[in-house]
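Everything on this sheet refers to the single structure shown next.
The values are calculated or read from the model by the stated rules, or taken from the named source; none is laboratory data. Since we're looking at a predicted model, the values are computed, not measured. Counting neighbours? That spans all protein chains shown, and the Cβs are built from the backbone with ideal geometry, glycine included. Each accessible area value is taken on the protein alone, full model and side chains, heavy atoms only, with ligands, DNA and RNA left out. Shrake-Rupley method; radii C 1.70, N 1.55, O 1.52, S 1.80 Å.
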Amino acid sequence: MKVVTVGAGVAAAEFVETLRNEGFRGEIVMISAEGFPPYSPCVMPFFLAGDPLETAYWKGADFYDRLGVTPRLGDPVVEVDDGKVRTASGAVETFDRLLYAPGSKDRYPEPSWLGVHGVFGFKTLSDLTAIDRHIRETGVRRAVIFGGGFIGVDAALALWHRGLQVTVVHRNNRLLSRMTDEEGGKFATRLLAERTGIEVRLETRVTAVNARDGALASVDLTDGTWIETPLLIVATGVTPESGPLTGADQGVAVDEALRFDPRVYAAGDVAVTPHAVDGRPGLYALFPNAVEQARVAARHLVRGEGAYPGSVDANVLRKHVDFPVVSAGRFEGEPLTWQDADRFRRVYLKDGRINGYMLVGDMAAAGYLHRLYLEQTPAEREVSGLLSDTAGTSYYRRAVGLAGR
Amino acid sequence: MRKIFVDYTRCVACKGCEIACAVEHHPSRSLADLVGDGRTQVNVRVLAVEHEAFPVSCRHCDPAWCMAACPAGAISRDPVTGAVILDQARCKACGMCAMVCPFDAIAFKVTHASPGGRETAFKCDLCSHRVREGRLPACVEACHSGALAFREHEEVRRDRATRNLREYLLGERALPDTFALYRELRRKEFARRGEPAP
Ligand SMILES: Cc1cc2nc3c(=O)[nH]c(=O)nc-3n(C[C@H](O)[C@H](O)[C@H](O)COP(=O)(O)OP(=O)(O)OC[C@H]3O[C@@H](n4cnc5c(N)ncnc54)[C@H](O)[C@@H]3O)c2cc1C
Ligand code: SF4
Ligand code: SF4
């Protein structure tokens, strides 16, 4: 049997490694738009901040050799059809089983901006190596990030850590707006601005980029002002790369074994999966989900059994800083809040169970909260103690109580 | 595999385990060098839970939540001891592991093993280097009250053990009189002061 993967990212690499661990000895071909060993997008911002590039290759730079894989790199897949994939260069690869895992791609408000030297996305290692080169070659000291979601803030922190003067332009009234509710998000935004010195321009958008001799010189903002900068990073959102498989960019619907059809599995940022707690289908584009989906798909391929338990939307931003922003679930229900000058914690309860939560500033008891949330344990009585727990003893308090001594 | 079990009713909060762990994980392996060293790494914490004291550390889950969440490939399983090992040289301190660890067993600081003077995550490594040589983990060896024990963990209970701390509690042995007296005094002291015992 011959297995092909579209993409050589997190899901594809985990899939291939699981296949081999499960004893699959057949031929494996990995096709990627880029030319790298599998890399972890979560880790690549550290490369921009100064870490060696190799640390982004989280399964090792020798991955293809080690796992006996034929890589076909630097040639994106444009079409999947009836047991064949076709790439941009016209090459055709046949398969018995396919893992479709090309992730998602940046969505630019103005695609023409990318023609300007000095404007970049922040989605792939190709983007980041190009940004790194631009900074080194032209001695960039100043950067503007358009988009203050997770990836935009991640980019801002990496460049700030590298020593650049950074401005984040964000259309919402707080950074990380999808990870936070209004109050929690404003708290996180204030902490971030105060502790790092990153300038934050809220309820503002970039309307135009101005070039001088083909290179970026400044950006115009909706409030009528402009910022002179040789570097603009656009991180305003992503779209699943489902086009080559489905002809549309809505993601790939899969069954409980991550199958799109009897021969094609899909996993990672491109897959539409149910939420582990409330079952709502969606694009839960996070590292642990990509890993778990890839494992379920690979085991299913080998053993013909297994089901995906659903995706989790728990996420944390804690890169280059010591004040994490953690969030999971839905911000609906009865809010319970604890805060001091440095920390903000809020849990949303629904029917006595945790429906969503946010922790800004530290992570004491974060793991216990995560478990109560996932298992939907009745938590009404515990939550207030948990929120004000600064020593991380909640779990053990309960264990001691339960042990009945 | 063998794991560390806890009988907290016997813990007298002497913190011998913490000190033994700090020495074991210090580059010089010397008690004297711990003094005033902010990079000291202590993988076990004796928590004060009201009048009880509870030595807390990683439970080496299988499957391990932290390992599945780490996007840097920094967490792996020791093939010999079964311990879940966090390689600080590869850690980015991104917090993904701590977010999902059901036992809140992961902490962050600049330790002697952190690269480039940057904060990293750290946790118990089950003293795998000692266990490979047939020795006990340092904390277990240092615990003279019998609150920590290193024993075989039943394979069949593996799944429950990734969620339930009670899997790791020992309590079948009768408590000696001196322990019972000590516990009673602590409870009273706690009630009197209305704050956690150290
Ligand atoms: C900057 C950044 C930081 C992040 N930080 C975190 C974090 O801290 N925590 C977290 O949980 N998640 C984080 N994520 C999200 C996480 O990286 C993704 O959820 C995960 O990588 C998804 O895996 P995947 O395999 O679906 O996609 P990817 O890992 O993106 O891999 C997709 C691969 O497919 C290739 N490809 C794309 N199009 C094609 C095509 N047409 N043909 C062939 N190959 C193609 C790409 O080159 C790439 O190699 C971050 C993402 C980014 C961009
Ligand atoms: S207790 Fe926490 S740190 Fe230890 S293996 Fe389990 S999840 Fe990982
Ligand atoms: S903090 Fe370190 S060990 Fe934990 S998930 Fe991040 S990189 Fe991995």
**Request:** Rounded, prolate or oblate: pick one for the stretch A:290-361, where a ≥ b ≥ c are the square roots of the eigenvalues of its C-alpha gyration tensor, a/c under 1.5 means rounded, and failing that, prolate if a/b is larger than b/c, else oblate.
**Result:** oblate
**Prompt:** Around A:Leu349, which amide H atoms from residues at least 5 apart in sequence, or from another chain, sit under 5 Å from its own amide H, with H modelled in the peptide plane?
**Reply:** A:Glu334, A:Leu336, A:Asn355
**Item:** Amide H partners (placed H, <5 Å) of B:Ala107, local residues excluded
**Value:** B:Phe122
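Place the peptides A:279-285, B:136-142, A:319-325 in order of packing, highest mean first, counting for every residue the other Cβ atoms within 10 Å and averaging per peptide.
Top to bottom by mean Cβ count within 10 Å: B:136-142, A:319-325, A:279-285.
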**Prompt:** Per residue, how much accessible area does chain A show when a 1.4 Å probe rolls over the protein heavy atoms, in square angstrom?
**Reply:** 40
**Message:** So with the 1.4 Å probe, I'd like the accessible area per residue for the stretch B:1-126, rounded to whole Å².
**Reply:** 33
**Item:** Segments A:154-166, A:296-308 sorted - mean Cβ within 10 Å per residue, highest first
**Value:** A:154-166, A:296-308
**Message:** Ignoring everything except DSSP H segments at least 4 long, calculate the 222 nm mean residue ellipticity for chain B; use -39,500 (n - 2.57) per segment, divide by total residues, nearest 500.
**Reply:** -6500 deg cm²/dmol
**Prompt:** Across peptide A:356-363, how many C-beta atoms of other chains are within 10 Å of each residue C-beta, on average?
**Reply:** 1
**Complete:** Once phi for every residue in the stretch A:28-42 is put through the Karplus expression 6.51 cos²θ - 1.76 cosθ + 1.60 (θ = phi - 60°), the whole-Hz ³J(HN,Hα) values, with Gly and Pro written as x, are 10, 10, 10, 10, 9, 5, 10, x, 10, x, x, 10, 9, x, 5
**Request:** Determine the shape class of the protein assembly as shown: with a ≥ b ≥ c the square roots of the Cα gyration tensor eigenvalues, call it rounded for a/c under 1.5, and otherwise prolate if a/b is greater than b/c, oblate otherwise.
**Result:** prolate
**Message:** Given axes a ≥ b ≥ c from the Cα gyration tensor, I'd like to know whether the stretch A:323-399 is rounded (a/c under 1.5), prolate (a/b larger than b/c) or oblate.
**Reply:** oblate
**Prompt:** Counting DSSP beta bridges with both partners in chain B, what percentage is antiparallel, nearest 5?
**Reply:** 95
**Message:** Can you return the lysines within cross-link range of B:Lys109? Criterion is Cα-Cα under 18 Å, with same-chain partners fewer than 8 residues away left out.
**Reply:** A:Lys319, B:Lys92, B:Lys123
**A:Lys105 long-range amide H proximity, modeled H, under 5 Å** = A:Thr239, A:Glu241
**Prompt:** How much mean residue ellipticity at 222 nm does chain A get from its helices, if each DSSP H run of length 4 or more adds -39500 (n - 2.57) and you divide by all residues, to the nearest 500 deg cm²/dmol?
**Reply:** -8000 deg cm²/dmol
**Complete:** Rounded to a whole number, the mean other protein chain Cβ count within 10 angstrom for residues of B:97-110 is 6
**Fill in**
For B:83-96, A:215-228, A:181-194, ranked highest to lowest by mean beta-carbon neighbours within 10 Å, the order is B:83-96, A:181-194, A:215-228
**Request:** May I ask you to give the percent of accessible area on the stretch B:60-122 that is carbon plus sulfur, with a probe radius of 1.4 Å?
**Result:** 61
**Fill in**
Taking every residue of B:70-76, the Cβ atoms of other protein chains inside 10 Å of its Cβ average out to 6
**Complete:** Counting only DSSP loop positions in the stretch A:302-397, the chymotrypsin sites (Phe, Trp or Tyr not before Pro) whose Cβ has at most 10 other Cβ atoms within 10 Å are none
**Prompt:** Roughly how much accessible area, to the nearest 100 Å², goes out of reach of solvent when B and A pair up, both sides summed, probe 1.4 Å?
**Reply:** 3400
